[in-house]
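Working notes for the structure below.
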There are 2 protein chains.
Amino acid sequence: MTTLADVAALAGVAKSTASRALGRPDLVAPDTVARVRAAALQLGFVPNRTASHLARGSSGIVALVVPTLDNAFFTPIVAGAQSRARESDLQLTVAVHRLDDADDLVEFERLARQVDGCVLVAPRGPDEIVQAAAVFGPTVLVDREIQGMTSIVADTASAFADLAARFADTGHRAIAYLGGPEGSWQDAQRSAAIARAVADRAQLTTLGPFPATFAAGVAATDAVVASGATAVVPYATSIGLGLVFALRARGVSSPGEIVVSAERLVAEAIGADEVPAIDVDGEQLGREAMTALVDLLTSGVDAGETLRLPVSVHWPESSPV
Amino acid sequence: MTTLADVAALAGVAKSTASRALGRPDLVAPDTVARVRAAALQLGFVPNRTASHLARGSSGIVALVVPTLDNAFFTPIVAGAQSRARESDLQLTVAVHRLDDADDLVEFERLARQVDGCVLVAPRGPDEIVQAAAVFGPTVLVDREIQGMTSIVADTASAFADLAARFADTGHRAIAYLGGPEGSWQDAQRSAAIARAVADRAQLTTLGPFPATFAAGVAATDAVVASGATAVVPYATSIGLGLVFALRARGVSSPGEIVVSAERLVAEAIGADEVPAIDVDGEQLGREAMTALVDLLTSGVDAGETLRLPVSVHWPESSPV
DNA sequence: TGAGGGGTTGCAACCGGTTGCGCAACCGGT
DNA sequence: ACCGGTTGCGCAACCGGTTGCAACCCCTCA
């Protein structure tokens, strides 16, 4: 392996000058920079990240904390964050933590102390725990808003409200919302947004709380049918999938008799192009979060602002009613 | 942050002794070890991985190379490898590379030179390219066998053969195999295994090659119907899913008229508990591969052996014929 | 002509562990 | 009492970059 010393020797300068020429060219005379660069190129020099990190006192590792990976919502976030981290030469370590209570915190601290920063996906649990987690270092929050913390949220609530409003517009008189897990920040947002959107134009039944699973959707079927709803907005894709399968199994056609909104890709999978769908770009969510963390790391200042990403709604041409 | 020097000072020994006491206690007097350990505990000492890696000349990073992440087959492998890597205090970096041709190699080399070792998931591409990739450092292969290389393979071929044989046993006279992508090592194994298993007990039609996508399954429908097959074994889950949906869309009941084998979880999703299914434990695949790599890294010797993981077959109680 | 100052560069001390080598103490054996 | 052979420990030199500080050159302005 060729080291910086080799490059410096070939270029006829000191190691320190070589280091500066490559890292902060503005501090070095232009032709010296050129000479060093040429030498580096000629030797195929690749700086040793480990040494660099040691000298700078950083680890070069950032953590992404998710509550679970058994959920299609989180994996794209991981992918997006991963790819963005790589662009900034950071290693991403993915950790599974719920951050629900104080016990989670002690384990989290050990992790946080070993990395340069954290991206937290903590959909549930009290604000206090999440805030406490943020004291260990630079932190960016995903899909949740807490006063004073930098966060990136998908504006799913607006999309849900849009869906519900259109259902009401297209003649649905009874709409059901299948609520998400207890304590979920997004659930609170979505539930409130839908209620505002529907107002008194239709009867809105809120069911739940449900965990974001296929089984929960199946289990919700009785209640949905009993509610008399002709349009359903489920908190999560998996819940909707379970509901659709269970409805079909008992002979209720969907989207014929009961329309269930879905996510874009799933709408295709369940063979219903005519289902209203939303498109949350999880990868972008992860990418933007990592971008925010990188900014925070380089600038050193935490603006504590929220970036709200739009969520698109696909409404079928043919009326789903 | 407390450093080794602090610990050494508190324990009243030299830094070097402290280092050895913690890392190789067999070289140090028992009571000295105890004193150092106590000091470390008291100060809450956490060794700095970066410094350790620099001194040892390793990076502490291992790479997992997959051809794509848009495929449900690979994500569990990533998860398994990830979790196993963490147990050995290794950072996992996931890279997307096909390793199909020499161009991929140059980019791969840059990656490989920065890590301690690689786990390669390279289902396609010529053996030579994969072998060339292995020269840059310790390497473990997943789901593919190449003479002389350590590899972990799921014994899917046997499972496929089992499926085909049982189809023949239960009266199917025309069976179709939907082949995988061109050049796929596993496809070659599976195809051959099925042919051996069916022998002359039924008519076997091999279709393809197909990419492992939903769309490919849809596109294969005409050919499947034309073949007169009553039982189909698709190379990949996604192909099977596409086929089932397309069959149903054109009024052919499945598994009623044409049985399509599937993977365990998918069999449930398509609402057919009575479908023969296989269960490949991708997470275990990734985990075992990482275990092999860790062994290789610590022992320094590459045995070049293959570990074959069993794949279970679920045959429905009620005959699917 | 000399003091003041900006731009370049080199020296050497870091960052925090790891490890080769040498010294000293201590062992049992003659 | 003397000796070869452990055993236990410390010194200092690493690993490969980064950076504070000082030296130096050259140019400007008084």
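Read the figures in this text as sums done on the coordinates, not as results from a lab. Predicted model only: the values in this text are computed from it and were never measured. Note: ideal-geometry Cβ built from the backbone for every residue, glycine included; neighbour counts use all protein chains shown.
Distances between copies of B:Ala34, taken at a point 7 Å out from Cα along the Cα→Cβ vector and listed shortest first: 6.9 nm. The label-point distance for B:Asp155 and B:Arg308, in a model that sets each label 7 Å from Cα toward Cβ, rounds to 0.5 nm. For the pair A:Asp100 and B:Ala132, a Förster radius of 60 Å applied to the C-beta separation gives a FRET efficiency near 0.80, rounded to the nearest 0.05. A crude spin-label estimate for the pair B:Thr2 and A:Arg201, with each label 7 Å from Cα along the Cβ direction, gives 6.4 nm.
Per residue of A:48-59, other chain Cβ atoms within 10 Å of the residue Cβ number 5 on average. Hey, what angle do you get for helix B:74-87 against the long axis of chain B, alpha-carbon based, 0 to 90 degrees rounded to 10? So the inclination is approximately 20 degrees.
Shown for B:Lys15: label points 7 Å from Cα along the beta-carbon vector, and their distances to the equivalent points in the other copies, 1.5 nm in ascending order.
How many percent of the alpha carbon pairs in the protein assembly as shown exceed a separation of 36 Å? For the protein assembly as shown, the fraction of Cα-Cα distances above 36 Å is 50 percent.
One Cα centroid belongs to the range B:178-209, the other to the range B:61-121; the line between them spans 29 Å. Given the options A:Ile61, A:Phe160, A:Phe108, identify the residue whose Cα lies farthest towards the positive end of the charge dipole of the protein assembly as shown (+1 on Cβ of Lys, Arg; -1 on Cβ of Asp, Glu). Positive-end residue among those listed: A:Ile61.
Between copies, the label points at A:Ala215 (set 7 angstrom from Cα along Cα-to-Cβ) are spaced 3.6 nm, reported in nanometres from shortest to longest.
Just subtract the alpha-carbon distance of A:Arg248 and A:Ala219 from 0.36 nm times their residue separation and send over the number in nm, one decimal. If you can, show how the numbers build up before the last one.
Numbers: separation 29, 0.36 × 29 = 10.44 nm, distance 1.37 nm.
Working it through step by step, the gained length comes to 9.1 nm.
Karplus-derived 3J(HN,Hα) values for the range A:24-37, using 6.51 cos²θ - 1.76 cosθ + 1.60 with θ = phi - 60°, are 9, x, 5, 8, 10, 4, x, 6, 5, 4, 4, 4, 5, 4 Hz; glycine and proline are entered as x. Ranking B:Gln203, A:Leu41, A:Gln203 by how far each Cα lies toward the positive end of the dipole of the protein assembly as shown (charges on Cβ) leaves A:Leu41 at the top. Of the GluC sites (Glu not before Pro) found in the range B:188-272, those in coil by DSSP whose Cβ has at most 11 other Cβ atoms within 10 Å are B:Glu257.
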